[in-house]
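What follows is a short report on a single structure.
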Amino acid sequence: MRQSKLFTKTRKEAPKDEVSKNAELLIRAGFIHKEMAGVYSFLPLGLRVIEKLKSVIREEMNSSNGQEILMSTLQRKELWEVTNRWGDETVDVWFKSALNSGGEVGFGWSHEEPITYMMKDHIASFRDLPIFVYQFQNKLRNELRAKSGVMRGREFIMKDMYSFSRDQKEHDEYYNGMIEAYNKVFSRIGLGEDTFLTFAPGGAFTEFSHEFQTVIDNGEDTIYINKEKNIAINDEVLNEDTLSNFNVTRDDLREVKTTEVGNIFNFGTQKCKELNLFYNDKEGNKVPVWLGSYGIGVTRLMGVIAEKLSDEKGIVWPSSVAPFDIHLVEISNGDEEVKKSADELYSTLSKNGVEVLYDDRSTSVGQKFADSDLIGIPIRVVVSKKTLAEGKFERVERKSGATDMVDESTLLSQT
């Protein structure tokens, strides 16, 4: 992509009403556009990051035998009334609308009810189980706290997976496997070291749950961790019984601020009983199905990375989710030979599968370097009169600032 043609613009300042660090950076760097509080549109750079995140998640879900589907955002009131999760006193984040033809619908904040109802058409016998399905979809939640940028939005992209199993043993095996799959996701996108499986309340889902919480200075949540014992407890369930169950004291734990990046819930058989999802076992007995629910906030991950993996100059994307592999910066100052060299390098890299953002704009060197730091692509390659004289290209690592001179073959082999 030639930067002169890229649909985006960098900014020196974010909107005055934007208070979150992640949204300030993403807006200034040209990744997102703010529509209103808690609602953002994703520009080409931002969409590329979203697609990279989805690709990592999709690979791990597929490796866990998940099959991708896409469900409707519109939700039937009657279905949620069966499980007592339609009323605002139970779930206070619904967006709802009256239908012109009469009746009322909700806009999906989660999908346990409709996916369980769907399975009634697919599950009859023990031979039909287990089933694991997932989707990427825009969720809508009427959040009161919409001041954390894309880390907590009223509209956001979520990956939600659902497992349907024959019994607790089969369910537990998959549930534990999903913990490992989630750990792989967070490790691959650069958050693994500071993301903890956390014992937490279940909210509108279940009595208890497991959250994946990432340590971050401006996090909305508080958890207590012991790295050596691999224990993390949400402050909402920190009590004497919980401490006893984990065999720790309060003094064994360190308080940290975090943001939730994923969660998993064990619904047992309750939801399936409520919605009449049963199967016939080998003896012909009618048995309720076990349900598990597993969520990752895709756009929230984008915000956490921008907020956590950034410095005073801008964002520092991990290579796995960066919008491009290389930011190619041409400094020709009107020198046609330099420009030709940069054009040729851009063509060669692109033809060989390297994703390149090519800054071919007629603007100052200082502006190009400042924008490059702000956008945060892992590797910057500079073509100038100096590099042309040496027959090589200057390579700068965004994270460390390390600089060296490399040839074309090295650039082709590094990505």
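Bear in mind these aren't lab numbers, they're just calculated from the coordinates by the rules spelled out. Computed from a predicted structure; not experimentally measured. Backbone-built Cβ (ideal geometry, glycine too); neighbour counts: all protein chains shown.
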Normalised alpha carbon radius of gyration of segment 19-72 [divisor 2.2 N^0.38 Å]: 1.44
For Ile379, distant residues with modelled amide H under 5 Å away: His327, Arg398
Normalised convex hull volume, the chain, alpha-carbon set, Å³ per residue: 175
Contact order normalised by residue count of the chain, Cα under 8 Å, 6+ apart, percent: 16
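Rank-order 214-227, 23-36 by packing density, defined as the average count of other C-beta atoms within 10 Å over each peptide's residues, highest first.
Numbers: 214-227: 18.0, 23-36: 21.3.
By packing density, highest mean first, the sequence is 23-36, 214-227.
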Between segment 127-141 and segment 244-308, the alpha-carbon center distance in angstrom: 14
Cα long-axis angle, helix 44-63 against the chain (0 to 90 degrees, to the nearest 10): 50
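State the Kirkwood hydrodynamic radius of segment 126-282 in Å, one decimal place, computed from all pairs of distinct Cα atoms.
Numbers: mean 1/r = 0.0574 Å⁻¹.
Hydrodynamic radius (Kirkwood, Cα pairs) of segment 126-282 is 17.4 Å.
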Backbone HN-Hα couplings from phi across segment 17-22 [Karplus 6.51/-1.76/1.60, Hz, Gly and Pro as x]: 8, 8, 10, 8, 4, 4
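Calculate the translational D of segment 53-144 in whole µm² s⁻¹ from Stokes-Einstein, where the hydrodynamic radius comes from the Kirkwood formula applied to all Cα pairs, the temperature is 25 °C and the viscosity 0.890 mPa s.
Details: Rh = 15.1 Å.
Translational diffusion coefficient: 163 µm²/s.
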Theoretical ellipticity at 222 nm over the chain - DSSP helices of four or more residues, -39500 (n - 2.57) apiece, nearest 500: -9000 deg cm²/dmol
P(r) weight above 22 Å for segment 218-341, C-alpha pairs, percent: 66
³J(HN,Hα) computed for each position of segment 316-331 - Karplus, 6.51 cos²θ - 1.76 cosθ + 1.60, integer Hz, glycine/proline x: 10, 6, x, 4, 5, 10, 4, x, 9, 6, 9, 9, 8, 10, 9, 10
Evaluated at q = 0.26, 0.27, 0.29 Å⁻¹: base-10 log I(q)/I(0), Debye formula over Cα of segment 267-322: -1.00, -1.03, -1.09
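Could you compute Rg(Cα) / (2.2 N^0.38 Å) for segment 326-413, with N its residue count?
Numbers: Rg = 11.9 Å, N = 88, 2.2 N^0.38 = 12.1 Å.
Cα Rg divided by the expected 2.2 N^0.38 Å: 0.98.
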With Cα atoms, 0 to 90° folded angle of helix 298-308 axis to the chain main axis: 50
With Cα atoms, 0 to 90° folded angle of helix 336-351 axis to the chain main axis: 30
Taking all pairs of distinct alpha-carbon atoms in segment 1-104, Kirkwood radius in angstrom: 17.7
